[in-house]
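The values are calculated or read from the model by the stated rules, or taken from the named source; none is laboratory data. A quick note: this is a predicted structure, and the numbers were derived from the prediction, not measured. Heads up, the Cβs are rebuilt from the backbone with ideal geometry, glycines too, and the neighbour counts pull from every protein chain shown. The accessibility values were calculated without ligands, DNA or RNA, using every heavy atom of the protein model including side chains. Shrake-Rupley method; radii C 1.70, N 1.55, O 1.52, S 1.80 Å.
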Amino acid sequence: FETWHRTKAGERWPVEVNTSYWPRAGRLFAFLRDISERRQAAQALQESEARFRSTFEQAAVGIAHVAPDGRWLRINRKLCDIVGYTQEELLAKRFQDISHPDEVEDHLSRMKQMLTGELSTLTLEKRYLHKNGSTIWINLTVALTRTPDGAPDYFISVIEDISERKCT
């Protein structure tokens, strides 16, 4: 179990306590290990994850993690605002479902190039279909993350609504 102990000077430090009973001697042994570094690393990781979540959720652009087959894995609020879908609705779709039909094949072709390593990143202007049926122009930037063994894991997509600029 984990608990806190005090030094003679009164400082508190976290410890892991392991006990063992030795029946032949009729004794109980307790082993204490200072886990300060482990606690600090866990807290640093927790703070880093909170910063990432905040950056992802509060970004001024749409951000999404997309599976290699096009399923939305994680999306932020701004992306939902751009396309008019709730998170639940969008997570039940693939990016192909909201892409303008004239552009789906080209986008899939470029994704295949990323999956094979021919392209490392992708930036393009394309159209999405808003939930209300209107067309939205976006600037899309995509990067592919891979697992440690090099297999495709997911795409990181950054989506900026450029409809105002394109339609004026």
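Is there any pair with a first residue in segment 49-75 that is on the phi < 0 side of the Ramachandran plot and a second that is modelled with pLDDT under 90 and not in a loop (DSSP other than H, G, I, E, B) whose Cβ atoms are under 8 Å apart and which are 6 or more apart or on different chains, and what are they?
Every condition considered, the pairs that remain are ILE63/PHE56; ARG74/PHE56.
Looking at this structure, is THR147 of a type in the set (Ser, Thr, Tyr) and without any contact (Cβ under 8 Å) to a residue 12 or more places away in the chain? Let's see the steps before the verdict.
Numbers: of a type in the set (Ser, Thr, Tyr): yes; without any contact (Cβ under 8 Å) to a residue 12 or more places away in the chain: yes.
Considered against the rule, which asks whether it is of a type in the set (Ser, Thr, Tyr) and without any contact (Cβ under 8 Å) to a residue 12 or more places away in the chain, THR147 comes out as yes.
For segment 37-55, indicate whether the set of residues that are open to solvent by 60 Å² or more (accessible area, probe 1.4 Å) and under 20 Å from LEU140 (Cβ atoms) is non-empty.
yes
Looking at the structure I just gave you, is GLY10 over 14 Å from the mean Cα position of the chain (by Cα), among the small types (Gly, Ala, Ser), at pLDDT 85 or above and open to solvent by less than 70 Å² (accessible area, probe 1.4 Å)?
Taking the combined requirement at face value, the residue satisfies it.
Of everything in segment 138-165 that's open to solvent by 50 Å² or more (accessible area, probe 1.4 Å) and more than 18 Å from PRO68 (Cβ to Cβ), which residue is nearest to the chain's Cα centre (by Cα)?
If we take residues in segment 138-165 being open to solvent by 50 Å² or more (accessible area, probe 1.4 Å) and more than 18 Å from PRO68 (Cβ to Cβ), then GLU160 is nearest to the chain's Cα centre (by Cα).
Any residue in segment 102-121 that is touching a residue at least 40 places away in the same chain (Cβ under 8 Å), of a type in the set (Val, Ile, Thr) and in contact with a strand residue (DSSP E or B) (Cβ under 7 Å, 6 or more places away or on another chain)?
So in segment 102-121, the residues touching a residue at least 40 places away in the same chain (Cβ under 8 Å) come out as 111, 114-115.
With the extra rule that they be of a type in the set (Val, Ile, Thr), the set shrinks to none.
Within segment 102-121, none of the residues are touching a residue at least 40 places away in the same chain (Cβ under 8 Å), of a type in the set (Val, Ile, Thr) and in contact with a strand residue (DSSP E or B) (Cβ under 7 Å, 6 or more places away or on another chain).
Residues checked against (1) among the hydrophobic types (A, V, I, L, M, F, W, C); (2) loosely packed, with under 12 Cβ neighbours inside 10 Å; (3) farther than 12 Å from GLY70 by Cβ:
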position: GLY84; (1), (2), (3): no, no, yes
position: LYS93; (1), (2), (3): no, no, no
position: GLU105; (1), (2), (3): no, yes, yes
position: THR116; (1), (2), (3): no, yes, yes
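Of the conditions (1) on the phi < 0 side of the Ramachandran plot; (2) at pLDDT below 95; (3) not hydroxyl-bearing (Ser, Thr, Tyr), GLY150 fails just one. Which one is it?
It fails just one condition, (1).
Just need a number here: residues in segment 56-72 that are open to solvent by 80 Å² or more (accessible area, probe 1.4 Å) and in contact with a strand residue (DSSP E or B) (Cβ under 6 Å, 6 or more places away or on another chain).
Summing the residues that are open to solvent by 80 Å² or more (accessible area, probe 1.4 Å) and in contact with a strand residue (DSSP E or B) (Cβ under 6 Å, 6 or more places away or on another chain) in segment 56-72 gives 1.
Any residue that is among the acidic types (Asp, Glu) and open to solvent by 70 Å² or more (accessible area, probe 1.4 Å) - is there at least one of those in segment 14-25?
no
Tally time: how many residues in segment 26-36 are touching a residue at least 12 places away in the same chain (Cβ under 8 Å) and surrounded by 10 or more Cβ atoms within 10 Å (Cβ to Cβ)?
The total comes to 6.
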